[in-house]
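In what follows, a single structure is set out as structure tokens and then discussed.
Nothing in this text is a laboratory measurement; each read-out follows from the coordinates by a stated rule. As the structure is a computational prediction, the values presented were derived from the model and not from experiment. Neighbour counts are summed over all protein chains in view; Cβ atoms, including those assigned to glycine, are modelled from backbone coordinates with ideal geometry.
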Amino acid sequence: MREQQICMAQSCATDVRQAVAEFHAAVMQADTELVVFFCSSKYDLSVLEQEMRRLFVGVHVVGCTTAGEIGPAGCVQHSLSGVSFPPGSCVAVSGLLEDLVDFSVEQGYAFSQALLQNLEKKIPGADAENSFALLLIDGMSEREELVAHAMQYGLGDIPVVGGSAGDDMEFDKTYVYFDGHFHTDSAVLVLVSTFLPFMAFKTQHLVVTDIRFVVTEADTDQRVIREINGLPAAAEYARLVGLKVEELTSTHFATSLVVVMIDGVEYVRSIKSANPDGSLSFFCAIEEGLVLRLARGANLLPNLEQMFATINSKIGKPQLVFGFDCAFRMIEIQQQGLIEPVNAIFRKNNTVGFNCYGEQIYGIHVNQTLTGLAIGTHPMGGRGYSDE
């Protein structure tokens, strides 16, 4: 009998019932251990969850809405992509963390610890060598930093990798899926223990310039900068990148990046929008006194190729790569006419994931980054790998 494999699928049907039916037909396996899916928010989500419940009866299913889906068809808008894990490939447990508006680190620590204990009951030897965590979180919650930190704190050395749900660049409501329903103001954490080799990774392509500026007024709770260098934020940012305020678009935010240096490492703080009051809204935490630098994307394709070459050298050809790719990176990819070569790289490396409003890696929330988890094909004693 042929050994069951991790199955990947993507339906580009715009009719929601057809999309779920095609996805189900492609990924459903006997005694499936876990299904993870990513879907466009343009679908009627009430119908989508009904169909998922109807077709995946008794199956462990999690997912989220996106700003674009990645799968066998490539990087696509308005599709349904995902994977299924066959029995014997892994053991998975998951939980839903609600009411993120009132989230505390203590609550997140207790939540992740309880989930880890559930996994250890099934797999007594579950640890960082053979286990990883996937985090899917409401991309409009503005709680990603706290949640990612708390999850990593509670899980110790077990790598936490994930993405912030999207809504096709509407920036209104994003959803995670758990126990047959879509939820807002929530996060889903999935713990997976496997005998297959794996590797958590992140990559970003940028060149930092000498242009620096200081955040002189900010609303940290709302991730808004009101003043840069003592001047209205949007106008000063526009001046620094050589534009007028009215000319600022998502394309400029995707290519004229803002980074903060932490211990010599660059972390992108992506701008979400320029606001009518002259402020700038961000996808990441911002605070007064931060020294920021302008950076520009460079060599995206060679950077991506090198990342996957590293993965292949460490765990062999991946059977699956979960990819959490910033929505603004996709804007840059489209602007540079790189969608086909990027799709070719993703297909070659069996990548499934989504374009997101933020990315998480090892408890850190970042922007303008590709984070992910690569899973190999051949068992290697249950040992996993990490790039850090």
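Can you tell me how the range 72-173 classifies by the Cα gyration tensor, rounded, prolate or oblate, using a/c under 1.5 as the rounded cut? Working shown, then result.
Working: a/c = 2.44, a/b = 1.19, b/c = 2.05.
Oblate.
Using the Karplus curve 6.51 cos²θ - 1.76 cosθ + 1.60 with θ = phi - 60°, work out ³J(HN,Hα) for each residue of the range 254-266 in order, rounded to whole Hz, and write x for Gly and Pro.
6, 10, 9, 8, 10, 10, 10, 9, 10, 6, x, 10, 7
If we count other beta carbons within 10 Å of each Cβ, what is the order of 332, 120, fewest first?
Numbers: 332 19, 120 16.
Fewest to most other Cβ atoms nearby, the residues stand as 120, 332.
Mind checking which lysines have their Cα closer than 23 Å to the Cα of residue 121? Skip sequence neighbours fewer than 8 apart in that chain.
Output for residue 121: empty list, no partners.
For the chain, give the share of DSSP beta bridges that are antiparallel, in percent and rounded to the nearest 5; count only bridges with both residues there.
Once the DSSP bridges in the chain are tallied, antiparallel ones form about 80 percent.
Roughly how many whole Å is it from the C-alpha centroid of the range 130-147 to that of the range 283-321?
Here the answer is 18 Å between Cα centres.
Let me understand the range 207-296 better: what is its radius of gyration from the alpha carbons, and its Dmax, in angstrom?
Answer for the range 207-296, Rg first and Dmax second: 11.6, 35 Å.
Reachable lysines from residue 122, Cα under 30 Å, same-chain residues fewer than 8 places away excluded?
202, 314, 317
Mind checking the full-extension length gain between residue 30 and residue 347? Use 0.36 nm per residue of separation minus the Cα-Cα distance, one decimal, nm. Provide the component values of the computation, followed by the final result.
Working: separation 317, 0.36 × 317 = 114.12 nm, distance 2.54 nm.
Extra length available between residue 30 and residue 347 comes to 111.6 nm.
Report the residue, chosen from 20, 76, 57, that carries the largest GNM mean-square fluctuation when the chain is represented by alpha-carbon nodes joined by springs under 10 Å.
Result: 57 has the largest fluctuation of those listed.
Could you sort 155-166, 45-56, 336-347, 27-38 so that the peptide with the highest average Cβ count within 10 Å comes first and the rest follow in order?
Numbers: 155-166: 25.2, 45-56: 17.6, 336-347: 15.0, 27-38: 20.2.
So the peptides 155-166, 45-56, 336-347, 27-38, ranked by packing, come out 155-166, 27-38, 45-56, 336-347.
Peptides 85-98, 180-193: what's the order by average Cβ count within 10 Å, highest mean first? Working shown, then result.
Details: 85-98: 19.5, 180-193: 21.5.
By packing density, highest mean first, the sequence is 180-193, 85-98.
Computed FRET efficiency, Cβ-Cβ of residue 46 and residue 210, R0 51 Å: what is it to the nearest 0.05? It would help to have the intermediate numbers written out before the result.
Details: r = 51 Å, r/R0 = 1.01.
The formula returns an efficiency of 0.50 here.
List the aspartates and glutamates whose Cα lies under 17 Å from the Cα of residue 348, skipping any in the same chain that are fewer than 8 positions away.
Cα-Cα hits under 17 Å: 69, 305, 325, 340.
How do 127, 179 line up, fewest other C-beta atoms within 10 Å first?
Starting with the residue having the fewest Cβ neighbours, the order is 179, 127.
Do any trypsin sites (Lys or Arg not before Pro) in the range 182-239 lie in a DSSP loop with no more than 14 other beta carbon atoms within 10 Å, and if so, which?
On the way: sites: 202, 212, 223, 226, 239; in loops: 223.
Answer by residue number: there is no such site.
Name the long-range amide H neighbours of residue 320: under 5 Å, sequence gap of 5 or more, or other chain; modelled H, no Pro or chain starts.
Placed amide hydrogens put 375 under 5 Å from residue 320.
Gaussian network model of the chain, Cα springs within a sub-10 Å range: biggest mean-square fluctuation belongs to which of 361, 225, 262?
262
Return, ordered by residue number, the residues of the range 152-181 whose backbone nitrogen is under 13 Å from a label point located 7 Å along Cα→Cβ of residue 105.
From the range 152-181, the list is 152-154.
Applying 1/(1 + (r/R0)^6) with R0 = 51 Å to the Cβ-Cβ distance of residue 96 and residue 229, what FRET efficiency is obtained, to the nearest 0.05? Please list the in-between numbers first.
Working: r = 43 Å, r/R0 = 0.84.
Given R0 = 51 Å and the Cβ-Cβ separation, E is 0.75.
Using the Cα gyration tensor of the range 243-319, with a ≥ b ≥ c the square roots of its eigenvalues, what is the shape: rounded (a/c below 1.5), prolate (a/b larger than b/c) or oblate (neither)? Each step should come with its number before you reach the end.
Values: a/c = 2.85, a/b = 1.96, b/c = 1.45.
Note, shape of the range 243-319 comes out prolate.
When a/c is below 1.5 the answer is rounded, else prolate if a/b is larger than b/c, else oblate, so apply that to the chain with a ≥ b ≥ c taken from the square roots of the Cα gyration tensor eigenvalues. Kindly include the intermediate steps, with their values, before the conclusion.
Values: a/c = 1.59, a/b = 1.55, b/c = 1.03.
In terms of gyration-tensor shape, prolate.
Please work out the FRET efficiency for the pair residue 340 and residue 55, using the Cβ-Cβ distance as r and a Förster radius of 41 Å; give the result to the nearest 0.05.
Values: r = 33 Å, r/R0 = 0.79.
Computed FRET efficiency for residue 340 and residue 55 comes out at 0.80.
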